[in-house]
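Accompanying notes for the structure given below.
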Amino acid sequence: MSCAGVSRSCARASRRCSPGRTVERMPRADGFDADVAVIGLGAVGSSAAWRLAARGLDVIGFEQFEPGHPWGGSTGQTRLFRVACLEHPGLTPIARRARDLWRELEASARVPLFLETGGIMIGPPDSHLITGTLAAAAAHHLPVERLNAEGIARRSPANARIDAGDVGVWDPEAGILRPEAAIVAAVDAARAAGARIRTGVRVVAIEPDDEGVTVTVDDPDAAGLRVRQVAVTAGPWIGRFVPDMPLTPHRVVMTWFRARAGHRADLGVLPVFIRSVPGHDTWIWGHGASDASGSSEFASFDAKVGPEFDGPFASDDPDAIDRVVHPGETDEIAALVAATFPDLEPEPSGATTCIMMHTPDGQFVVGPTAHPRVFVGGGCSGHSFKHASALGELVAQAVAGEEPFTEAGFLDPRRFAG
Ligand SMILES: Cc1cc2nc3c(=O)[nH]c(=O)nc-3n(C[C@H](O)[C@H](O)[C@H](O)COP(=O)(O)OP(=O)(O)OC[C@H]3O[C@@H](n4cnc5c(N)ncnc54)[C@H](O)[C@@H]3O)c2cc1C
């Protein structure tokens, strides 16, 4: 098994070696260096910077590493995209707006970012996996297909092994995204729209007041910058700037698997899935391999299978997360793969760590905070990447004082106050 885990010292070294750390002050006639500072250019922040700059706002974006880096919540080659969002029916319009924006980025970057594969949810009829998916589909009249055992085997032969009584739902608009490439494309689009992008620069403090916000970075040559507003899109590090956000970082080990000799486990037979595990009271998610699916121009990857459960680590400090995948850590997911997919080798072909954030209600935090000059975009909860471009749009709309393109009150960061 190859291990892509890395140590904290590597992470720090990559930051130290980054180019472009100099942060020149550029005070304008009004005394401000920019209208908005975007702190963190990962999934949400790169799109927030893009959407803010596209509105003509004067934007400066800070990223402590390089765009598309592996140290936050957006690493691992692929992310699942679904429109029938079992987590909340209100997410469907956000997913659709996000897809439009991903497509726009694909066109400007001339890089494939989104591959529609269709997706299958499999579980007991009364499980949230099925009822939540159907609720989103009903709320938005989505063209999903209900499947029995034969239908599941027809739509996804590699998913044919199910418990008696399990049913399926086919979401034809599901697919996969390339997170690292998408973030790079959004940062490039932000730059092209006029944003100043500073990479390898860590923001160490923000001090909001009545007129604006002072932003302090770890560049000893840069005095405090003054901006009118800040968008905190620091992913696992949001709590450093908005301490009253109840976000908990968790360590997740991602794993990839190859087909057994003579068997298929490509996207053609194993499209995007979330499903219960035969004989077990848990579920897994993932997708098939890129080979033999005609998707080689999209990217090259093995089948990916991940667990419902998180790793054992839960801490307030994302920098303290162990980046190394240790022997035995993948045994549990290997057993679930063996129970579910007879076409896959149960021994992982690769594994790496990633940080997942959890909010108490499993929804994101997007919009204003208690301070009128500080906005937030993030909250991961294991399902935000698909929406990230549209979450960036919602952050931009909140900062610009516009009406959101869809009802997003259930994501309001202030819902946790008190
Ligand atoms: C294992 C795993 C599987 C997942 N699967 C899916 C999936 O299939 N589908 C889906 O939709 N979602 C999925 N998610 C969730 C999704 O990937 C994440 O929620 C999302 O990528 C997080 O984006 P973010 O912008 O909030 O954080 P990040 O992408 O981590 O961005 C935060 C950025 O802020 C920067 N930063 C932080 N502090 C500072 C600072 N002080 N100064 C400057 N820069 C700073 C960081 O370096 C980073 O680049 C998954 C998550 C995990 C962990």
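The values are calculated or read from the model by the stated rules, or taken from the named source; none is laboratory data. Quick caveat: nothing in here was measured; it's all calculated off a predicted structure. We place every Cβ from the backbone using ideal geometry, glycine too, and count neighbours over all the protein chains shown. Surface areas here come from the heavy atoms of the whole protein model, side chains and all, with no ligands, DNA or RNA. Shrake-Rupley method; radii C 1.70, N 1.55, O 1.52, S 1.80 Å.
General observations
- Among the residues making up the stretch 376-418, those that are over 10 Å from the mean Cα position of the chain (by Cα), of a type in the set (F, W, Y) and closer than 18 Å to M357 by Cβ are F410, F416.
- Total residues in the stretch 217-231, condition in a strand (DSSP E or B) and near the ligand (Cβ under 9 Å from one of its atoms): 1
- The stretch 223-266, residues that are in contact with a strand residue (DSSP E or B) (Cβ under 8 Å, 6 or more places away or on another chain), more than 20 Å from D361 (Cβ to Cβ) and among the hydrophobic types (A, V, I, L, M, F, W, C): L225, V227, V230, A231, A234, F241, V253, M254, W256, F257, A259, A265
Yes or no, residue by residue, for (1) within 16 Å of the ligand (Cβ to nearest atom); (2) open to solvent by less than 10 Å² (accessible area, probe 1.4 Å):
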position	(1), (2)
K304	yes, yes
E308	yes, no
P318	yes, yes
E332	yes, no
T340	no, yes
D343	no, no
V366	yes, no
H371	no, no
G379	yes, yes
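- Checking R99, R79 one by one, the residue that is closer than 26 Å to V167 by Cα, among the basic types (K, R), within 13 Å of the ligand (Cβ to nearest atom) and modelled with pLDDT of 95 or more is R79 and no other.
Each row is one residue, and each column tells you yes or no for (1) open to solvent by 10 Å² or more (accessible area, probe 1.4 Å); (2) of a type outside the set (F, W, Y); (3) in contact with a Phe, Trp or Tyr (Cβ under 9 Å, 6 or more places away or on another chain).
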site: G200; (1), (2), (3): no, yes, yes
site: A205; (1), (2), (3): yes, yes, yes
site: V215; (1), (2), (3): no, yes, yes
site: A223; (1), (2), (3): yes, yes, no
site: L270; (1), (2), (3): no, yes, yes
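- Only one of the numbered conditions (1) open to solvent by 10 Å² or more (accessible area, probe 1.4 Å); (2) within 14 Å of the ligand (Cβ to nearest atom); (3) over 30 Å from D266 (Cβ atoms) is not met by F410, and that is (2).
- Answer residue from the stretch 48-66, given it is of a type outside the set (A, V, I, L, M) and surrounded by fewer than 23 Cβ atoms within 10 Å (Cβ to Cβ) and is nearest to the ligand (Cβ to nearest atom) among those: F65
- Within the stretch 125-144, the set of residues being within 25 Å of D266 (Cα to Cα) and outside any helix (DSSP H, G or I) comprises P143, V144.
- Any hit, the stretch 244-254, residues being modelled with pLDDT under 95 and more than 14 Å from the ligand (Cβ to nearest atom): yes
- Lone qualifier among P89, P70 - being farther than 14 Å from A186 by Cβ and more than 13 Å from the ligand (Cβ to nearest atom): P89
- Among (1) more than 20 Å from the chain's Cα centre (by Cα); (2) modelled with pLDDT of 95 or more; (3) open to solvent by less than 50 Å² (accessible area, probe 1.4 Å), the one test that G235 misses: (1)
- Taken as a whole, the condition of being of a type in the set (D, E), away from the ligand (no atom under 13 Å from the Cβ) and open to solvent by 10 Å² or more (accessible area, probe 1.4 Å) applies to E106.
- Comparison of T255, T214 shows that the only residue that is in the same structural domain as G42 (by TED's automatic domain parsing) and part of a strand (DSSP E or B) is T214.
- Any hit, the stretch 126-144, residues being open to solvent by less than 50 Å² (accessible area, probe 1.4 Å) and over 26 Å from the mean Cα position of the chain (by Cα): no
- Tallying residues that are under 30 Å from R103 (Cα atoms) and open to solvent by 70 Å² or more (accessible area, probe 1.4 Å) within the stretch 145-167 yields 3.
- Residues within the stretch 173-198 that are open to solvent by 30 Å² or more (accessible area, probe 1.4 Å), in a loop (DSSP other than H, G, I, E, B) and either away from the ligand (no atom under 14 Å from the Cβ) or over 23 Å from E116 (Cα atoms) (or both), tallied: 2
- Residues of the stretch 267-281 satisfying the condition of being at pLDDT 95 or above and charged (D, E, K, R): R275
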